[in-house]
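The values are calculated or read from the model by the stated rules, or taken from the named source; none is laboratory data. Since we're looking at a predicted model, the values are computed, not measured. Positions of Cβ are generated from backbone atoms using ideal geometry, with glycine treated the same way; all protein chains shown enter the neighbour counts. Surface accessibility is based on the protein's heavy atoms, side chains included, excluding ligands, DNA and RNA. Shrake-Rupley method; radii C 1.70, N 1.55, O 1.52, S 1.80 Å.
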Amino acid sequence: HNWSTTYEYDQEVHWKQCDSCGVTNTKEAHTLESDGYCQICNNPITESDGVFYYVSFDGTYAEVIDYVGDSTRVVIAETYEGVPVTKIADFAAVNLEYVTEISIGKNVSEISDWAFGNSKKIEKYIVDDDNPYICDVDGVLYTADMKTILFYPPARGAESEKNVDGTVKKDENGN
């Protein structure tokens with residue numbers, strides 16, 4: 001077999017497929033680190049330790065309100081206490097000293113302009129492929145229609161040199 005160099009995965013297991021015939025090798029359970037990533041397949045699986053959430057008064061949604069930790073990667077959950085995580089609040093991930101990568105779940109539809117303010121080491125954003133509201137391309141965070149850059153990774157330098165034609169420019173703080 002000619003096994004793929006990257007892992008396929010779901011929330012429970014990871015595996016490799018043969019590039020030639022499509023056969024799947026043995027599926028194995030994830031081995032999670034505190035940042036929510038699997039040690040083997042290196043994919044975001046569960047929320048990171050240190051992410052704080054707030055559940056709305058009516059109990060219909062949750063939002064990220066803070067992150068405290070020293071991981072380089074942060075995973076924002078799809079749900080918290082049984083409700084979808086739909087928002088990332090202002091200053092939820094501000095002034096992060098170590099974070100280089102933020103993974104965003106499929107239910108997040110709103111990210112406040114100052115959600116990632118002054119977090120200069122962020123190199124990429126990763127959005128769940130099933131998120132109908134936002135997406136990422138090469139680590140840049142866009143609206144789902146790809147017409148607006150929501151956040152450009154500040155560690156990459158000047159956004160103006162790397163903007164995609166036809167998009168509306170925003171600075172590293174989302175403005």
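Of all the listed residues (Asp145, Asp165), the sole one being at pLDDT below 90 and among the acidic types (Asp, Glu) is Asp165. Every listed requirement among (1) part of a loop (DSSP other than H, G, I, E, B); (2) open to solvent by 60 Å² or more (accessible area, probe 1.4 Å); (3) modelled with pLDDT of 90 or more; (4) of a type outside the set (Lys, Arg) is met by Tyr54 save one, (1).
Cβ-Cβ distances below 8 Å connect the following pairs, each with a first residue in segment 8-20 that is under 13 Å from Thr31 (Cα atoms), a second residue that is open to solvent by 40 Å² or more (accessible area, probe 1.4 Å) and among the small types (Gly, Ala, Ser), and a separation of six or more residues or different chains: Glu12/Ala29; Val13/Ala29. If you go through segment 58-82 and keep only what is assigned to a loop (DSSP other than H, G, I, E, B), among the aliphatic types (A, V, I, L, M) and crowded, with 16+ Cβ neighbours inside 10 Å, you end up with Ile76, Ala77.
Exactly one residue among Glu33, Glu81 is charged (D, E, K, R) and either over 16 Å from Glu12 (Cα atoms) or modelled with pLDDT of 90 or more (or both), and that residue is Glu81.
Could you go through segment 9-26 and let me know if any residue there is open to solvent by 70 Å² or more (accessible area, probe 1.4 Å), under 23 Å from Asp130 (Cα atoms) and of a type outside the set (D, E, K, R). Yes - at least one qualifying residue is present in segment 9-26. Considering only residues of segment 83-93 that are within 18 Å of Asp58 (Cα to Cα) and hydrophobic (A, V, I, L, M, F, W, C), which is surrounded by the fewest Cβ atoms within 10 Å (Cβ to Cβ)? Residue satisfying both the conditions and the ranking: Val83.
Residues of segment 35-51 include at least one that is touching a Pro at 6+ places or on another chain (Cβ under 7 Å), surrounded by 18 or more Cβ atoms within 10 Å (Cβ to Cβ) and farther than 20 Å from Leu150 by Cβ. Working only within segment 94-104, note down all residues that are open to solvent by less than 10 Å² (accessible area, probe 1.4 Å) and without any contact (Cβ under 8 Å) to a residue 40 or more places away in the chain. Selection gives Val99, Ile102, Ile104. Take Asn118 and decide whether it is assigned to a loop (DSSP other than H, G, I, E, B), without any contact (Cβ under 8 Å) to a residue 60 or more places away in the chain and surrounded by fewer than 21 Cβ atoms within 10 Å (Cβ to Cβ). Judged against the criteria, Asn118 is a match. Every listed requirement among (1) among the hydroxyl-bearing types (Ser, Thr, Tyr); (2) surrounded by fewer than 16 Cβ atoms within 10 Å (Cβ to Cβ); (3) touching a residue at least 24 places away in the same chain (Cβ under 8 Å) is met by Tyr142 save one, (2).
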